[in-house]
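This report concerns only the one structure given below.
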Amino acid sequence: MAKAKLQTVDVTLQDAASAAFRRQIRFWIVTAVILAIFVYLFSDILLPFVAGMVLAYFLDPVADRLQRLGLSRVMATIIILIAFLIVLVLALVILIPVLASQLSDFIVKLPEYLSRFQALITSYDPNWLEQRFGLDAGSLQEGLNSLLTSGMGLVTTVFQSIWNSGVAIFSIAGLFIVTPVVAFYMLLDWDRMVATVDSWVPRDHVETVRQIATDINTATAGFVRGQGTLCLILGAMYAFGLTLTGLSFGILIGLFAGLISFIPYVGSLVGLVLSVGLAFVQFWPDWTMVLAVAGVFFAGQFIEGNILQPRLVGKSVGLHPVWLMFALFAFGALFGFVGLLIAVPAAAAVAVLVRFAISRYLESPLYKGHAEQPVKAKAVRLTKPASSEGET
């Protein structure tokens, strides 16, 4: 009788815990929906503020290190932002004229390059193409025309979408004016804000929430700080290598390929296709220069995979490339350029929460049931029984 009562009390406590867990899930789902609606409604003006938060998060470890050296938080914040602004201004003064000049020349010469590339393919050996692949030179030329037209339309649509999603003249001006101010105050009060949010967490769940926040921070920091630094290094490497080969617009293509390397495999692939296609048009029939241009990206991938990635990012990110690409495309489509900035921490948070929910499910009565003893599965013989005498 007493044993039955204890079992009843245990089941009641488990049901109460399950009900409390369901209430927490409902609360956080409602909170996430409200946050998504807020970001969607104000995505056109959030870019400077989100960029300032990302910058403060990126530089917070530097401020903590300066504090450990004896500086106050205010002085550390001022020194960091002044140094960052100096580097940014110098980079803009040096790179912007070069990039603007190369971009304008690239846009002007792009139709000529496309027609020359098309002529190289269709005029290679029409008879060989027809004998081996059954392709008519005229049909191939029409197909390439359609493909190139579709590709240019897609590129134009993408850039137009990015421009319309918030990267307009007003947003760019606000980005350079508001972002440093937001970053200054966020970096100054970062530790205080974290402590304040921690004080709001229910004391019964504070350790669990802290562990979840630590996991999210580990995944986000590994990508934002590690992968961000990696993208900058790759962009400089690609730009320097392509410039050494003598490729036109090498700085533009190299920096572009490096900066979009935060999307797994996309940056190097796009840069390789653009640079090799341009190398065919510029250097043909010199195969050595085309191979040298391709070698820049193969060398960059080797250095990234064997040296930079383990040191800067390591294995702490915990974000599957497919899930990361889906998050980038989904948040970019929903919230524009702001969505790209919040996609990584959101993807990290969702991944950590899903793993936490699965671990709780595996420990819950929904998975284990209420039986005192687990049901033993009947053993199944997987080997053929020995043949009796007389069997063949």
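The values are calculated or read from the model by the stated rules, or taken from the named source; none is laboratory data. Just so it is clear, the structure is predicted and the values come from calculations on it, not from any experiment. All Cβ positions, glycine included, derive from the backbone under ideal geometry; neighbour counts span all protein chains shown. The area values use the complete protein model at the heavy-atom level, side chains included, leaving out ligands, DNA and RNA. Shrake-Rupley method; radii C 1.70, N 1.55, O 1.52, S 1.80 Å.
General observations
Residues checked against (1) in contact with a Phe, Trp or Tyr (Cβ under 9 Å, 6 or more places away or on another chain); (2) open to solvent by 60 Å² or more (accessible area, probe 1.4 Å); (3) at positive phi:
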site	(1), (2), (3)
203	no, yes, no
207	no, yes, no
210	no, yes, no
214	no, yes, no
222	no, no, no
228	yes, no, no
231	yes, no, no
234	no, no, no
240	no, yes, no
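A quick yes/no check of all residues on (1) touching a Gly at 6+ places or on another chain (Cβ under 8 Å); (2) farther than 24 Å from residue 329 by Cβ; (3) in contact (Cβ under 8 Å) with a residue 12 or more places away in the chain:
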| site | (1), (2), (3) |
| --- | --- |
| 197 | no, yes, no |
| 224 | no, no, yes |
| 228 | no, no, yes |
| 236 | yes, yes, yes |
| 240 | yes, yes, yes |
| 251 | no, yes, yes |
| 258 | yes, no, yes |
| 285 | no, yes, no |
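- Condition met for residue 274 (open to solvent by 30 Å² or more (accessible area, probe 1.4 Å), hydrophobic (A, V, I, L, M, F, W, C) and out of contact with any strand residue (DSSP E or B) (no Cβ under 9 Å at 6 or more places or on another chain)): yes
- Residue 291 being open to solvent by 80 Å² or more (accessible area, probe 1.4 Å) and at pLDDT 80 or above: yes
- Being assigned to a loop (DSSP other than H, G, I, E, B) and loosely packed, with under 15 Cβ neighbours inside 10 Å is a property that holds for residue 285.
- Looking across region 34-60 at every residue that is at pLDDT 80 or above, open to solvent by 80 Å² or more (accessible area, probe 1.4 Å) and β-branched (Val, Ile, Thr), the one that is farthest from the chain's Cα centre (by Cα) is identified as 34.
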